[in-house]
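Data first, discussion second: the structure below is written as structure tokens.
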Amino acid sequence: MRKKALRVGSLMAGLTLSQLALADWEVNMTPGVTGVSRDIFGLHMTIFWICVAIGIVVFGVMFWSIFAHRKSRGYKPANFHEHTWVEILWTIIPLAILVVMAIPATITLLDMYNTDESEVDIKVTGYQWKWRYDFINEEFGYFSTLSTPRDEIYNRAEKNENYLLEVDKPLVLPVGRKVRFLMTANDVIHSWWVPALGVKKDAIPGFINETWTRIDEPGIYRGQCTELCGKDHGFMPIVVKAVPQDEYDEWVAEQVAMAEKERELTSKDWTLEELMARGEKAYDTTCAACHQQDGSGSPPAFPALKGSAVATGPVDHHMDIVVHGVSGTAMQAFGKQLSEVDLAAIITYERNAWGNDTGEMVTPKQILDYKNAQQ
Amino acid sequence: MATEQTYYVPEQSKWPIIATVGLLVTMYGLGSIMVDGSAGESTTTAWVIFMIGSLIMAYMLFGWFGSVIKESRDGLYSPQMDRSFRWGMSWFIFSEVMFFAAFFGALFYARTFAIPWLGGEGDRGSSNMLWEGFQATWPLLQNPDAEAFPAPSGVIDPWHLPLVNTILLVTSSFTVTVAHHALKKDNRVRLKIWLAATIVLAIAFVAFQAEEYVDAYTNLDLTLQSGIYGSTFFMLTGFHGAHVILGTLMLTIMLIRITKGHFTPEKHFGFEAASWYWHFVDVVWLGLFVFVYIL
Amino acid sequence: MSAVIDTHDHSHDQDHHHGPAKGFKRWLLTTNHKDIGTMYLIFSFTMFLLGGTMAMVIRAELFQPGLQIVEPAFFNQMTTMHGLIMVFGAVMPAFVGLANWMIPLMIGAPDMALPRMNNWSFWILPAAFALLVSTLFMSGGAPNFGWTFYAPLSTTYGPPSTTFFIFAIHMMGISSIMGAINVIATILNLRAPGMTLMKMPLFVWTWLITAFLLIAVMPVLAGVVTMMLMDINFGTSFFNAAGGGDPVLFQHVFWFFGHPEVYIMILPAFGAVSEIIPAFSRKRLFGYASMVYAVGAIALLSFVVWAHHMFTVGMPVAGEIFFMYCTMLIAVPTGVKVFNWVATMFRGSMTFEAPMLFSIAFVILFTIGGFSGLMLAIAPADFQYHDTYFVVAHFHYVLVPGAIFGIFASAYYWLPKWTGNMYDETLAKTHFWMSFIGMNLAFFPMHFLGLAGMPRRIPDYALQFADFNMVSSIGAFMFGSTQLLFLFIVVKCARGGEKAAAKPWDGAEGLEWTVPSPAPYHTFSTPPEVK
Ligand code: HEA
Ligand code: HEA
Ligand code: CUA
Ligand SMILES: [Cu+2]
């Protein structure tokens, strides 16, 4: 047993020491790329080594007794059973060690809570099961969804290097600037975590949590949702792309222009084929998580759309459900989440795919009118 | 088998297993009523199951307490046994205290943290971004999402019915104590009068409480669905009310036993347990009166 | 605790009492603490196998990246039910079983204080778990929101079976509270003459304090699930910001119960180990009084540390600091206990039978789990650890080689007293070593996984976590299958074997060793005199 414990101990110590050499084994916390993440890493290693040291002393004495003070070696038991001084000592020493740990911990904590003087503000909203990023000051925003193909998840295709950790549109951030996050959620609690940034904060529906980061090096940093949020909790990754300031500015300008173009698309004349093509793509990223790619759903929790009364019945009711959702269920109101174009495309798709051959088409304009009529 | 100082260990008993079956059937029935109800299905079967469970529970309670009473009157219980009952009852009441503590905790948390945050104050004040125009007030007469949770138009005035109820309950705590003294002095007529008075006060309390609920629902739109104010209000007063009803039942059974000639000035633990419980219910009410109604 | 015991003639006890009744009615209707203890232990082991089987499903799915065996929705049900069944079905009832069997024997009481209620406390459990497990077969499936059932995932977004889950929790609460009341009444009221509080065996002390914790926090759990019930079925808004409530309120109330709950699962194990280590060291327990105070201190502190499970919910920083400091403080009394155990072994005369092996492993591995607990307590660092496999590693280190090894140690230690036979020492040692290796293989790599960034409660993971997950699953299968050996050993011992003496362990002390093995159906009908 002693051997085993020693081996385990030295394994852990050895692996952390030779961290660089064994980079692909990933046994330790990342030091990360922000001041906070490095502080946390430092704290982590300090406490870890303190614990190792205490462990060596305590287990050392114990293994010595197990080795030396055994009956089979004819050792006769002593009969002491208390010793006030020793007991006081081993109360006070751990207390002192704790104080030593508490001081740097408190300093780091206060730093992590200081969200003043931010230069970029981003509202992060957790949805079942994707993230939305709103650049509050620049007035644009978008969803960021898992882009790993289902074939890889179901082992029908070779898994690529960033399996489960890649998204369609990463969050782009400038390096060297203080970014403030406003975290919230639309349905259940999610938690936004990127280890390399040392940022983890719960996104709570109806409340806003603040936190911040300042990234030192450009690069791509990956993370995941860390609060159980239902079926696809394991499938809502986060990708942060940190870029130099000028590249960032360029990207922002592009996004603003794109948002403008998207609004223009609404008034374009669409054909059924165009809508179906766009609808299929949008459906697969937004709706397939619950209703499945083939529209079969997983009843009773998530109804099938294939042949459903809603998707083949009156258009207005269909629009109503998609735009406003069904309150109290996982079916959200997609009206504010998706553009008119995407809503029209998805609804058209649902009404014509999988044998729901209604032949009916819903245009972005119709959606816009429908939405306006509601107000 | 009861020699002088040995501790009475009852023989095998069928009551616990009946109690288990009763509890399971009741709980299952109750759950089915709710689940079938929200699924829009018929709840008749569920109600039948629930009623069967309740009947089993009632049968069990009579049977079980019946045998305890009988054993007690047969003199099987030593003073040591009596102390076990006392510890049992005291810790049971402590567990009830903690049950209410959870609800009071929820009330305090909502008032001191959640609502101010939603209203834009303090550490998480930016939450106000999500609820434009929401003002933190207490009582909460406007909810963050006014559509989903229409707020009450007003709240119960503490200085009318609640004040009367406070006086009723505090008085009843006194009357039950007077009854207890009468029992210790073996004055059974006074005992009966004061105990009966306690029960009358208790029933009056429940009646007024019911009136208050009707008022809340019909005139004030203060309902379970009217946001956190209504939620905490009905949760706290509702569970308190349920405890008052339970306490009243206990006292009534004591009155019945007394008219049957049970209890002596020295040995009357059943009565004492009921009166402890009654005092507990009274103290909880004082907490409610201050924190739910006045402040 | 070297109380001198007045030897008594126990044979005349038989004149007063009947033996056990015949047939299944004996078990259904019994008021005997030994019968009830046995039923608790059997029930607990059944639940351990059931919860363990679910853990095997989890580990099998996590053996490789990709979805192979179960769908994510079902995976979440497995995680949830595994946690609930292990906590409420395996560990807690096992300790209540030990309490039932041993407390009356250790303090010289004729039975538990309220024997009929004792029977009820037990029988509620199978009923409650039947209800809980039946949710697996309901439409929409079983609870799938983790054993911590955070709102609003469990309220607005929960499956229909959540309502039944809530009632099952209510029933478990009723059972635990009554069980705890019984334990307290027994200890406070039924001690043999001369058995002062500070002469009580430590197992009894730890249970006294555990029972207090149970009575204090189980009603709070009942309260929080009741609020959930109202939110689900009656339109209240406790956990819904739209009506002025707060999902985080749920977490505060839950963890006010939840943290003391984890000490409920470890304190009785502390007690048992404090009996066993002196027995096999042939030396009195070092620092009896400080052990008692340490348990008291842990219990009191456990009420003011709950929010260390919620460092990332966005509490005000003052709260964060308060909960961090209080949590760290718990290391001090726990350290006192560890040091005392080591000091007891120091200069003893040790032998290493199965109970002692499990106890030594307990001290080492629990301490490792405690160290990782301390790391989690450092709030800024917890921002990186929280909800990763590092937490899973932490709590399995305190629960499996902590609570579960504590239970195994107790079972081997007292089996001769329960059955009158010695268990098979060779098999028991095999059980120990297989468990020890399997358990470390299963849970140690989880530290690495967590630090490298693997979140918990996910059915599928990124490729860099593949190797350690495979190791972990292999360890888990090894540990799991070894438990069938334990079942075999116990059954074998119950059916026969070398007859056990009244006191089979030469270093053991306490009243339970003054009665014959197996302990007669009724013991201490006349209280022994403790000097
Ligand atoms: C038996 C159960 C048990 C026990 C005993 C403990 C003991 C401790 N636990 Fe643990 N814990 C759990 C069960 C348990 N825990 C569970 C189930 C969860 C997860 C719940 C969930 O989310 O599902 C959890 C989660 C958990 C968290 C939340 C993590 C997160 O979700 O982010 C934290 C944070 O502080 C924590 C801390 C501690 C501490 C400080 C102790 C201390 O009591 C440990 C004290 C012991 C020692 C420190 C070792 C011995 C001491 C010495 C040798 C003295 C000298 C030492 C020093 C001075 C360092 N635990
Ligand atoms: C005392 C409590 C306890 C115990 C003993 C265990 C025991 C084990 N636990 Fe777990 N565990 C928890 C409490 C416990 N656990 C809790 C509270 C959670 C958190 C839940 C949540 O997130 O909500 C958790 C979560 C948890 C996870 C994380 C799941 C996730 O986050 O997705 C994992 C993953 O590996 C795991 C594994 C194991 C394993 C391999 C064992 C092994 O020790 C099990 C040993 C196996 C057996 C005992 C099986 C023996 C049976 C057979 C071999 C088959 C025989 C079959 C029949 C007779 C039918 N547990
Ligand atoms: Cu979102 Cu987990
Ligand atoms: Cu805790």
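Here r is the Cβ-Cβ distance between residue B:44 and residue C:138 and R0 is 30 Å; the resulting FRET efficiency, rounded to 0.05, is 0.95.
Protection proxy ranking of C:145-154, C:488-497, A:358-367, by the mean of other Cβ atoms within 10 Å over each peptide's residues and highest first, is C:145-154, A:358-367, C:488-497. Among residues other than residue C:107 with Cβ under 11 Å from its Cβ, the summed charge is +1 (Lys and Arg +1, Asp and Glu -1). Amide H to amide H distances under 5 Å link residue A:167 with A:147, where only residues 5 or more positions off or on other chains count and H is placed in the peptide plane.
Spatially, the stretch C:153-223 and the stretch B:130-171 are offset by 35 Å when compared through their Cα centroids.
Site pair residue C:46 and residue B:264 shows an inter-label distance of 4.5 nm when each label is modelled 7 Å from Cα along Cα→Cβ. Applying 1/(1 + (r/R0)^6) with r as the Cβ-Cβ distance of residue A:103 and residue A:147 and R0 = 56 angstrom yields a FRET efficiency of 0.80. In a fully extended conformation the segment linking residue B:189 and residue B:83 would gain 35.4 nm over its present Cα-Cα distance, using 0.36 nm per residue.
Between the Cα long axis of helix B:79-109 and the first principal axis of chain B there is an angle of about 0°, rounded to the nearest 10. Projected label points at residue C:304 and residue A:316, each 7 Å from Cα along the beta carbon direction, are separated by 6.3 nanometres.
Taking the helices alone, chain B has a mean residue ellipticity at 222 nm of -24000 deg cm²/dmol, built from -39,500 (n - 2.57) per DSSP H run of at least 4 residues and averaged over all its residues.
Dipole size of the protein assembly as shown about its Cα centre, with +1 on Lys/Arg Cβ and -1 on Asp/Glu Cβ: approximately 5620 debye, rounded to the nearest 20. Go ahead and estimate [θ] at 222 nm for chain A from helices alone: -39,500 (n - 2.57) per DSSP H run with n ≥ 4, summed, over the residue count, rounded to 500. When only DSSP H runs of four or more count, the value is -14000 deg cm²/dmol. Take each residue of peptide C:253-265, count the partner chain Cβ atoms within 10 Å of its Cβ, and average: the result is 1.
Loop sites here are GluC sites (Glu not before Pro) outside DSSP states H, G, I, E and B with no more than 10 other Cβ atoms within 10 Å. The longest part of chain B free of them is B:5-131. The residues packed around residue A:348, meaning those with a beta-carbon under 11 Å from its beta-carbon, carry a net charge of -4 if Lys and Arg are +1 and Asp and Glu are -1.
Which ordering of A:30, C:312 is given by a fewest-first count of other beta-carbon atoms within 10 Å?
A:30, C:312
Per residue of C:64-76, other chain Cβ atoms within 10 Å of the residue Cβ number 4 on average.
Cβ under 14 Å from residue C:66's Cβ, residue C:66 left aside: what net charge do those residues give with Lys, Arg +1 and Asp, Glu -1? Charge balance in the 14 Å sphere: -3. Distances between placed amide hydrogens fall under 5 Å for residue A:199 paired with A:194, all partners being 5 or more residues away or on another chain. Secondary structure note: in the stretch A:120-263, about 70% of the DSSP beta bridges are antiparallel. Helices that extend 27 Å or more along their long axis by alpha-carbon positions and average at least 1.0 on the Kyte-Doolittle scale are, among the DSSP H runs of chain A, A:35-68, A:84-112.
Inside 10 Å of the C-beta atoms of B:33-43, what's the mean count of C-beta atoms belonging to other chains?
Mean number of neighbouring Cβ atoms from other chains: 3.
With runs of 4+ DSSP H residues as the only contributors, calculate the mean residue ellipticity of chain C at 222 nm using -39,500 (n - 2.57) per run, divided by the residue total and rounded to the nearest 500.
-21500 deg cm²/dmol
Expressed to the nearest 5 percent, the antiparallel share of DSSP beta bridges inside the protein assembly as shown is 75 percent.
Of the peptides C:201-209, A:96-104, C:288-296, the order by per-residue mean of other Cβ atoms within 10 Å, starting with the highest, comes out as C:201-209, C:288-296, A:96-104. The peptide list B:227-240, A:141-154, put in order of mean Cβ contacts within 10 Å with the highest first, becomes B:227-240, A:141-154.
Amide H of residue C:461 versus every other amide H placed in the peptide plane: which residues, excluding those fewer than 5 positions away on the same chain, fall under 5 Å? Those lying under 5 Å, H to H, from residue C:461 are C:66. Phi-derived couplings, Karplus 6.51 cos²θ - 1.76 cosθ + 1.60 at θ = phi - 60°, listed residue by residue for the stretch C:490-497: 5, 4, 4, 5, 5, 8, x, x Hz, with x used for Gly and Pro. Distance between Cα centroids, the stretch C:311-354 to the stretch B:174-195: provide it in whole Å. One Cα centre to the other: 53 Å. Cα centroid separation, the stretch A:197-248 to the stretch A:40-89: 43 Å. A Förster radius of 35 Å, combined with the Cβ-Cβ distance separating residue A:365 from residue A:138, puts the computed FRET efficiency at roughly 0.80.
Spacing of the modelled spin labels on residue A:177 and residue B:76, each 7 Å from Cα toward Cβ, amounts to 8.2 nm.
Computed from the coordinates by the stated procedures, all read-outs in this text should not be read as laboratory data. As the structure is a computational prediction, the values presented were derived from the model and not from experiment. As a convention, Cβ positions derive from the backbone with ideal geometry for all residues, glycine included, and neighbour counts pool all protein chains shown.
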